[in-house]
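Student: Before I ask anything, here is the structure I am working with.
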Amino acid sequence: VQLQASGGGLVQPGGSLRLSCAAPGSIFSDNGMGWYRQAPGKQRELVAGITSDDYTSYAYSVKGRFAISRDNAKNTVYLQMNSLKPEDTAVYYCNQWPARFGLWGQGTLVTVSS
């Protein structure tokens, strides 16, 4: 199973996007879920994580701008991204938190540019 993220696109600096990722219940339920990103020429990094009881953690670079949430009824995790900056440009992926190797999908491209 590969987790598919959606909701990316081209946005101007200062704009907002909301990413979504639906997962099978066996992967979602009772597990932490995370959003990760990989910018060109850089390693993939954790952006935000949320535990099954809604504890959240954020990378310092996105704290105060991004918000991770989960809908347990829909087995879906979201990433609300506000005040986007050009340096947020990357392919965004969802996975469990901590990540499981076999769950990486294609990701969704977020481009922040004027």
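The values are calculated or read from the model by the stated rules, or taken from the named source; none is laboratory data. Because the structure is predicted, anything quoted here is derived from the model rather than measured. Because the Cβ atoms are built from the backbone with ideal geometry, glycine has one as well, and the counts that use them run over all protein chains shown. SASA here: full protein model, heavy atoms, side chains in, ligands and nucleic acids out. Shrake-Rupley method; radii C 1.70, N 1.55, O 1.52, S 1.80 Å.
Student: Using the structure shown, decide if Ala39 is under 17 Å from Gly105 (Cα atoms) and more than 10 Å from the chain's Cα centre (by Cα).
Tutor: Yes: the conditions hold for Ala39.
Student: Could you identify the single residue in Ala59, Ala48, Ala39 that is free of Cβ contacts under 8 Å to residues at least 24 places away in the same chain and open to solvent by less than 30 Å² (accessible area, probe 1.4 Å)?
Tutor: Step by step, each of Ala59, Ala48, Ala39 is checked, and only Ala59 is free of Cβ contacts under 8 Å to residues at least 24 places away in the same chain and open to solvent by less than 30 Å² (accessible area, probe 1.4 Å).
Student: Identify the residue in segment 1-28 that is β-branched (Val, Ile, Thr) and not in a helix (DSSP H, G or I) and, among all such residues, is nearest to Asp54 (Cα to Cα).
Tutor: Val1
Student: Only one residue in Ala73, Ala90, Ala23 is of a type in the set (Gly, Ala, Ser) and closer than 14 Å to Gln2 by Cα, so which one is that?
Tutor: Ala23
Student: Being within 13 Å of the chain's Cα centre (by Cα) and either open to solvent by 50 Å² or more (accessible area, probe 1.4 Å) or at pLDDT 95 or above (or both) narrows it down to one residue among Asp88, Asp71; which is it?
Tutor: Asp88
Student: Against the definition (among the acidic types (Asp, Glu), more than 18 Å from Arg18 (Cβ to Cβ) and without any contact (Cβ under 8 Å) to a residue 40 or more places away in the chain), how does Asp71 come out, yes or no?
Tutor: In short, no.
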